[in-house]
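Colleague: Attaching a single structure in C-alpha cells format; questions to follow.
The values are calculated or read from the model by the stated rules, or taken from the named source; none is laboratory data. Just so it is clear, the structure is predicted and the values come from calculations on it, not from any experiment. Using ideal geometry, Cβ is built from the backbone for each residue, glycine included, and neighbour counts are taken over all protein chains shown. The protein model used for the area step is the full one, side chains on, heavy atoms only, and it has no ligands, DNA or RNA in it. Shrake-Rupley method; radii C 1.70, N 1.55, O 1.52, S 1.80 Å.
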Amino acid sequence: MGHVVEKHFRQAWESAASTYRSSSSLFVEQNIGLKAHVQRVMPVFLTLRSAEGAALVTAMLPPPGRYDPAFRIILVGPENRDPYPEHSEAIRKLGEHFGLTLERARCYPYAGMAPSRK
C-alpha cells in the first residue's frame, strides 16, 4: 500500500483478532467465528481505484462503516499524498454511501502540515 493506512490495517487486524473468544471448546473449531468477529469490530479499509485499477485513495472508516465521533477517519493517496485536490468528488460520494462527512481537515492526517513533514 505504501502509506500510513497499511500500518493501521495491521494493528487493527491484530487488535481485533486478540479480542476474539471462541464459543467452541473443540480445537479444530476454535477459529470458526474469527473472521466474522474481525469484520464486526475492525475498521473498514478500502481503496478507490481508477478504471485501470490504479489505487487513487485509501480510506480507513469506522467499524463497520458507521459514524463514530471518537474514531479517526483517515484518507490518503499513494505515498501519503493528499487525495482531495484530484478526487474530492469520489471522496464525497464515498462518504455519502456510508453516511459520513469526509472533510479534508478532519480525514487527511497531514492537512495543515508542511509537505516536507509527510
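Colleague: Calculated from DSSP H runs of 4 or more alone, at -39500 (n - 2.57) each and per residue, what is the 222 nm mean residue ellipticity of the chain, nearest 500?
Modeller: After summing the helix terms and dividing by the residues of the chain, the value is -10500 deg cm²/dmol.
Colleague: A further question on this structure: Counting Lys and Arg as +1 and Asp and Glu as -1, each charge on the Cβ, what is the dipole of the chain about the Cα centre in debye, to the nearest 20?
Modeller: 240
Colleague: Given a 10 angstrom Cα cut-off, can you work out which residue in E86, E14, E52 is the most mobile in a GNM of the chain?
Modeller: Residue with maximal mean-square fluctuation among E86, E14, E52: E52.
Colleague: Over all directions, what mean area does the Cα convex hull of the chain project, stated in square nanometres?
Modeller: If you wrap the Cα atoms of the chain in a convex hull and average its projections, you get 9.0 nm².
Colleague: What accessible area per residue, rounded to a whole number of Å², is obtained for the chain using a probe radius of 1.4 Å?
Modeller: Spelled out: the 1.4 Å probe surface of the chain, per residue, equals 65 Å².
Colleague: Of Y84, A54, L102, which is farthest towards the positive pole of region 25-114's charge dipole, taken about the Cα centre with +1 and -1 on the beta-carbons of Lys, Arg and Asp, Glu respectively?
Modeller: L102
Colleague: List the residues whose amide H sits under 5 Å from the amide H of L56, counting only those 5 or more places along or on another chain, with H placed 1.01 Å from N in the peptide plane.
Modeller: Residues meeting the criterion, in which the H sits 1.01 Å from N, are L48, R49, S50.
Colleague: Over the chain, with every protein chain in place, what whole percent of the accessible area is carbon and sulfur at 1.4 Å, could you tell me?
Modeller: That share works out to 53 percent.
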